[in-house]
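The values are calculated or read from the model by the stated rules, or taken from the named source; none is laboratory data. Quantities reported herein were computed from a predicted structural model and do not represent experimental measurements. Note that each Cβ is placed from the backbone with ideal geometry, even for glycine, and that neighbours are counted across all protein chains shown. What goes into the accessible areas is simple: the full protein's heavy atoms, side chains included, and nothing from ligands, DNA or RNA. Shrake-Rupley method; radii C 1.70, N 1.55, O 1.52, S 1.80 Å.
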Amino acid sequence: MPTAPPPDLVARLNATGDAHLLRFWDELDDAGREKLASQLAELDLAAAHRLYEAKTGGRDDSGDAAAAAAKAAPPSAVVRLATSEQDVADRQAATAVGEELLKSGAVGAILVAGGQGTRLGFDKPKGMFPVGPVSGATLFELLAGQLKARGQAAGVSIPLYVMTSPATDAPTREEFAAQDYYGLGEENVVFFRQGTMPAVDDATGRALLAAKDEVAVSPDGHGGLVAALKNRGVLEHMRNRGVATLYYHQVDNPTAIVCDPAFLGFHKRLGGQVSTKVVAKVGPAEKMGVVCDVDGVTQIIEYSDLPDDVAARTDADGGLLLWAGNTAIHCFERSFLERLADEGQRFDETGSGAGLPFHVAHKKVPHLNDAGEPVEPSEPNAYKFERFIFDALPLADVAPVVETDRAREFNPVKNAEGSDSPATAKAALTALHRGWLEAAGATVAEGTTVEILPSFALDEAGVKAKVTPGTRFDRDAVLA
């Protein structure tokens, strides 16, 4: 006789109207039952039902987004790129503050690595994608290499907190182990998996099954970071380690300046709870969220919520009014993340409060029908729910904005070809490193690529300290 499902699981599913998720229980083997029960134990089905009721009950946030966009103004608490001697001096002072903060051991790095390389034609975690123009170094290798070098310069080991997704967790852990944790030390690398949310049928609100032993789910977005930090014990690890400030960046940007002392310094000097790096948008139609002020509150409006006429507004000098494009690089105070985690837990339990809100997307979700037959929908049939980390900005008392040079620091790998592709990222790394070498007095022959790994230098000053003026490079090379 098949083993009955645990009574507490049955009771919980009955309470939320999800007993149908067990309809194939008797057909499963022990492994399948364990898999399904474990997944159900982690899913917040009650929250999914509340979100569905809000979506279908007439509550539509699109009007709120449009109203906010209409009132959007450039961010007021902003540090622009240096254009004067005073600006340069301010950046130097901020850099000194950041360097001291790093030396204190109070800084940790958060790497968001939940994405797969599907759009790149790559069937592994995106962090494993090779992007070094000569070395073929992966995104993981370049970013972790920066962190190691930054820690060596500060005389400390900087902990790395890697947020994975269900799809990338195991292969990411395996890759770090195979690469000996990129020299960071296993004890300094903490992996934690973001949560998932069930996909629900758009007509009935019922959670869908992807297989007889698996609920159809999707990652809860990069905003799921906050809950994952609390639920996986990572905030406690940070407290025990003495980490007070977190440098947050995503895995797809190989030129991100990991634990940038200047950004850390501005974050501290301005008293930020969360700070954001921005770049000037190339044009109004660029698909970037914009950092702006709405009624005096700093926030980010996604490009999809920004009407064309608002995006095209110009200032008195003819430049874009909403110019500040979001790079997804932030500094967070741990105490602020702890507050958000506590508020978010209350939000999830009660459906109200100050937690990061969920956003709803209407998508095509393959699933099983009641007969256990696979269904491949041709039109959107379900709602998915995710959170965005940038929704933390309006919840902060102080949320400074710091501009960075686009060519220097924003070269993400998102598309297989064209803009934001491996080709453009490699070209950006090549140009950056050529510039460092030429500033050091070296000559790089036309058509020659010289790649500089973080183990050799992190910036122009580091190259000047190691490369003799007059050095000539006539063939492709890697400096490590």
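All but one of (1) open to solvent by less than 30 Å² (accessible area, probe 1.4 Å); (2) out of contact with any strand residue (DSSP E or B) (no Cβ under 9 Å at 6 or more places or on another chain); (3) farther than 30 Å from residue 433 by Cα hold for residue 309; state the number of the condition that does not hold.
All conditions are met except number (1).
Mind listing just one residue for me: the one in region 382-398 that is in a loop (DSSP other than H, G, I, E, B) and either open to solvent by less than 50 Å² (accessible area, probe 1.4 Å) or among the acidic types (Asp, Glu) (or both) and, of those, farthest from residue 214 (Cα to Cα)?
Among those that are in a loop (DSSP other than H, G, I, E, B) and either open to solvent by less than 50 Å² (accessible area, probe 1.4 Å) or among the acidic types (Asp, Glu) (or both), it is 397.
Within region 338-356, take every residue that is modelled with pLDDT under 55 and not in a helix (DSSP H, G or I) and give me the one that is surrounded by the fewest Cβ atoms within 10 Å (Cβ to Cβ).
Applying the filter and picking the extreme gives 352.
Across region 152-174, which residue is farthest from residue 456 (Cα to Cα) among those that are crowded, with 18+ Cβ neighbours inside 10 Å and of a type outside the set (A, V, I, L, M)?
165
When the residues of region 258-282 are narrowed to those that are touching a strand residue (DSSP E or B) at 6+ places or on another chain (Cβ under 6 Å) and over 23 Å from residue 458 (Cα atoms), which ends up least open to solvent (accessible area, probe 1.4 Å)?
Within region 258-282, the match that is least open to solvent (accessible area, probe 1.4 Å) is 274.
Can you run down the residue pairs with Cβ atoms below 7 Å, 6 or more apart or on separate chains, where the first is in region 313-337 and open to solvent by less than 50 Å² (accessible area, probe 1.4 Å) and the partner is assigned to a loop (DSSP other than H, G, I, E, B) and among the acidic types (Asp, Glu)?
Pairs that qualify, where the first residue is open to solvent by less than 50 Å² (accessible area, probe 1.4 Å) and the partner is assigned to a loop (DSSP other than H, G, I, E, B) and among the acidic types (Asp, Glu), are 321/315; 325/286.
Of these, 149, 199, 177, 211, which one is open to solvent by less than 10 Å² (accessible area, probe 1.4 Å) and modelled with pLDDT of 95 or more?
Every option except 199 fails the conditions.
Assuming residue 379 fulfils every condition listed in (1) in a helix (DSSP H, G or I); (2) more than 20 Å from residue 279 (Cα to Cα); (3) of a type in the set (Asp, Glu) apart from one, which condition is it?
Exception for residue 379: condition (1).
Among (1) in contact with a Lys or Arg (Cβ under 8 Å, 6 or more places away or on another chain); (2) surrounded by 17 or more Cβ atoms within 10 Å (Cβ to Cβ); (3) assigned to a helix (DSSP H, G or I), there is one condition residue 119 misses while meeting the rest; what is its number?
(2)
Quick one: which residue in 245, 255 is farther than 20 Å from residue 81 by Cα and open to solvent by less than 10 Å² (accessible area, probe 1.4 Å)?
From the options 245, 255, the qualifying one is 245.
Take residue 285 and tell me if it is surrounded by fewer than 21 Cβ atoms within 10 Å (Cβ to Cβ), out of contact with any Ser or Thr (no Cβ under 9 Å at 6 or more places or on another chain) and not charged (D, E, K, R).
yes
Looking only at residues that are open to solvent by 10 Å² or more (accessible area, probe 1.4 Å), of a type outside the set (S, T, N, Q) and over 15 Å from the mean Cα position of the chain (by Cα) in region 214-234, which one is nearest to residue 365 (Cα to Cα)?
Applying the filter and picking the extreme gives 217.
Of everything in region 131-146 that's without any contact (Cβ under 8 Å) to a residue 60 or more places away in the chain and not acidic (Asp, Glu), which residue is surrounded by the most Cβ atoms within 10 Å (Cβ to Cβ)?
By that ranking, first place goes to 144.
Residue-by-condition table, conditions (1) closer than 30 Å to residue 333 by Cβ; (2) over 26 Å from the mean Cα position of the chain (by Cα):
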residue: 381; (1), (2): no, yes
residue: 385; (1), (2): yes, no
residue: 408; (1), (2): yes, no
residue: 440; (1), (2): no, yes
residue: 443; (1), (2): no, yes
residue: 452; (1), (2): no, no
residue: 459; (1), (2): yes, no
residue: 466; (1), (2): no, yes
